[in-house]
Structures are given as structure tokens and as C-alpha cells.
Amino acid sequence: MSDEAAVNKTKAEWRASLPGDAFGVLFEEGTERPWTSALNTEKRAGTFICAACHQPLFESAAKYDSGTGWPSFFQPIPGALGTKRDWKMFLPRTEYHCTRCGGHQGHVFDDGPQPTGQRYCNNGVALTFVPEGEELPPLVD
Ligand SMILES: [Zn+2]
């Protein structure tokens, strides 16, 4: 968990409040199998929020079909994500996480579309989609 995190639940508390697959991705930096998330094909207007603490992370306007099997975005909501280098796969990758709870979301690559050229490759299980017109759920403390 990062220092700037505004939510200070323990891992055990998150484990108790999240489904096992979401906990594994968010707080143990797991990666879901590609093509498993219903959010891959989500094309409605709306907001993608952190599945753990409900901070809004991406707007639907920034979502695109990357063909990778994971929900992909070219731009996050400003201030919503923090990054760190990750050496797990031998080649360095840039991990990103929710700034509010520290929950791991995915990795960002520089092969995305314009205007940013970035590809935020996100685990669907770490996100919750809220269609436009529906109220965002309250932030989790
Ligand atoms: Zn969060």
C-alpha cells in the first residue's frame, strides 16, 4: 500500500470485504486470465470505478478495444492512478494502482492510440462499471 493512500484498511479487512478473485488482483497484484471480464465488451457511456474503494478511475470515453482480452483505456481520470516499476516479468513494466486505496489495477504500456499513445491494460475484476445516469456508489473508507 502506498503512502498517499487515503483508505487504510488492512489486507485482512479487504480480503473479508471483496470476492476472492478481486482481492487477488487488487491486493496481491494478480492478473486475471484474458477474455474473462464482461467489461471487455462494455461499450455504454459511464464511469469505471475502483472495485475496492469506488474512486472513479476511467471515463468510458477513454476506453477502446485493444484486442488483448483486458479492458483497455488510453487515459485515466487525472489524479486517480499512481504508478511504480514492476520487474516480475524480467522486462520492466509500469504497474498502476488506485491512488486512494493502493489497489493494483493493471499495467500501462506506450503502444496505445492517440491522443495519449498510452494503453492502460486493466484487470476487469478490479473495476466496477457505473452506467451514465446511475449514481456512483459512496466511497469506501
Ligand atoms: Zn481504490
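Structure notes:
- Lys pairs under 24 Å by Cα in region 11-141, provided they are eight or more residues apart or on distinct chains: 4
- Here region 3-124 has an Rg and Dmax of 13.7, 40 Å, counting Cα atoms alone.
- Contact order relative to length of region 40-141, as percent, for alpha carbon pairs under 8 angstrom and 6 or more apart: 31 percent
- Each of H104, H54 was scored by other Cβ atoms within 10 Å of its Cβ. Listed from fewest to most, they are H54, H104.
- Segment L139..T83, full-extension length gain: 18.0 nm, with 0.36 nm per residue of separation and the alpha-carbon distance subtracted.
All of the numbers you see were taken from the coordinates with simple rules; none came from a lab. The structure presented is a predicted model; accordingly, all values stated were derived computationally and were not measured. A quick note on method: Cβ atoms are made from the backbone with ideal geometry, for glycine too, and the neighbour counts reach across all protein chains shown.
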